[in-house]
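Some notes on the structure that comes next.
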Amino acid sequence: MTMEEENMQTQSTTSVSNENQLENQRYAGFWMRFWAYAIDFAVVSSLSGFITGTIHLYNEGTIIHLGYWTLQGIISSVVFYLYFVLMTKKLGQTLGKMILGIKVVRVDKTSLRWSDLLFREVIVRFIYTTFFVLQFLYFVVAFTKEKQGLHDMVGNTRVVHVE
């Protein structure tokens, strides 16, 4: 057997092994993910409140308007998105997911990429927040075999229990 054939066989075996590992994972359902998000929302709200409260006190209670937005609103949004992107990139989970013992994984078991996270944690969250009625699409998680939301399906990710 040539070296190239051995490499192809090893890659094939690894691919099948990774798929079997994912199949053996327990997927996190709607309520588990809901409560993780609720915890994360409390954490992000506290962080944002601390930062924007400090700015508010520093400016003697004046709200700083920047066109259609306020400085406090912009800072809150940045903290919100950075929290989800950086925590998920670095650890595969946010504090809420850590507490409940779940994490985000790619289907192919490779590490999460920036493109996965920007789509999953920024673009989809922004769309769901902007168009309130679309937030009901999170209920898809409750009805799919692998407990995936639309953002998981497109981003090739799953949320699984940490074993």
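Points to keep in mind about this one:
- The residue list K97, K109 contains one member that is open to solvent by less than 80 Å² (accessible area, probe 1.4 Å), in a helix (DSSP H, G or I) and touching a residue at least 40 places away in the same chain (Cβ under 8 Å), which is K97.
- Listed by first and then second residue, the pairs with beta-carbon distance under 9 Å, at least 6 apart or on different chains, first residue in region 119-142 and in contact (Cβ under 8 Å) with a residue 24 or more places away in the chain, second assigned to a helix (DSSP H, G or I) and among the acidic types (D, E), are R120/D152; V141/D152.
- Candidate set: region 71-94, residues that are assigned to a helix (DSSP H, G or I) and of a type in the set (G, A, S); chosen: the one nearest to the chain's Cα centre (by Cα): S77
- Qualifying residue in region 25-35 (condition: over 15 Å from H161 (Cα atoms), of a type in the set (G, A, S), in contact (Cβ under 8 Å) with a residue 12 or more places away in the chain and open to solvent by less than 70 Å² (accessible area, probe 1.4 Å)): no
- Conditions (1) open to solvent by less than 70 Å² (accessible area, probe 1.4 Å); (2) charged (D, E, K, R); (3) part of a helix (DSSP H, G or I): number failed by E146: (3)
- Residue within region 123-137 that is basic (K, R) and either at pLDDT 90 or above or under 16 Å from A28 (Cβ atoms) (or both) present: no
- Unique match (being open to solvent by less than 40 Å² (accessible area, probe 1.4 Å) and touching a Phe, Trp or Tyr at 6+ places or on another chain (Cβ under 7 Å)) among G53, G155: G155
- The residues on offer are K89, K145, and the sole one that is over 17 Å from A38 (Cβ atoms) and without any contact (Cβ under 8 Å) to a residue 12 or more places away in the chain is K145.
- Qualifying residue in region 56-69 (condition: surrounded by 15 or more Cβ atoms within 10 Å (Cβ to Cβ) and hydrophobic (A, V, I, L, M, F, W, C)): no
- A count restricted to region 117-138 and to residues that are in a helix (DSSP H, G or I) and open to solvent by 90 Å² or more (accessible area, probe 1.4 Å) stands at 4.
The values are calculated or read from the model by the stated rules, or taken from the named source; none is laboratory data. Being a predicted model, the structure only gives us computed values, none of them experimental. Glycine gets a Cβ as well: all are built from the backbone with ideal geometry, and neighbour counts include every protein chain shown. Just so you know, the surface numbers come from the protein's heavy atoms only, side chains and all, with ligands and any DNA or RNA stripped out. Shrake-Rupley method; radii C 1.70, N 1.55, O 1.52, S 1.80 Å.
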